[in-house]
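Undergrad: Below you'll find the structure I mean.
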Amino acid sequence: MAPGYRDSGDIIPVFQDPWPSVSSPLPPAVVAGGDDPLPAIEGLQVSGEAFPGQVVQACGYSINGTTVCHFEWLRFSEDGSIYYMEGAKEPTYLVTAHDVDSYLAIEVRPMDNRNRRGETVRAFANGGRKITHGEDERRGAYYAVINSK
């Protein structure tokens, strides 16, 4: 799963989600030679069912003075290649048939009002499982079993 951040600073919701984060806590990034932490995102996750025709959304909390987040959706294939989707730079994404049989993820780069960049954080849709055709695929498998009897 995508790493998240833990810090005792103020937490400002960027996109709230009713489900808790499942990401691993990592220490916050700190500016070299100082104790002013860089902007960061905590608890990044992708909410929603990632099937063609469905919309998914990046959810997390901005910390350490994060004022802006840059989003980028990408897909990973089994052979290890990564495809950054042109124009997919919003916190929401409409899953397409092109995403089937790949792993869908979001990368978020936090920034603060001093133009300092925090570490890029990544989270996968479907809990890191491949994108499938969804309900229609499951329904088709069910009917195939029924019809084979």
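Undergrad: Determine, yes or no, whether ILE63 is crowded, with 16+ Cβ neighbours inside 10 Å, touching a Cys at 6+ places or on another chain (Cβ under 9 Å) and closer than 18 Å to GLU119 by Cβ. Step through it out loud before you land on a result.
TA: Numbers: crowded, with 16+ Cβ neighbours inside 10 Å: yes; touching a Cys at 6+ places or on another chain (Cβ under 9 Å): no; closer than 18 Å to GLU119 by Cβ: yes.
So ILE63 fails the test.
Undergrad: If I ask for residues that are within 16 Å of ILE41 (Cβ to Cβ) and crowded, with 16+ Cβ neighbours inside 10 Å, which ones from segment 93-121 would you list?
TA: ALA105, ILE106, GLU107, VAL108, ARG109, PRO110, MET111, ASP112, ARG116, GLY118, GLU119, VAL121
Laboratory data are not the source of any read-out in this text; all were calculated from the coordinates shown. On a predicted model such as this, the values are computed, not experimentally measured, just so you know. Virtual Cβ from ideal backbone geometry, glycine too; neighbours counted across all protein chains shown.
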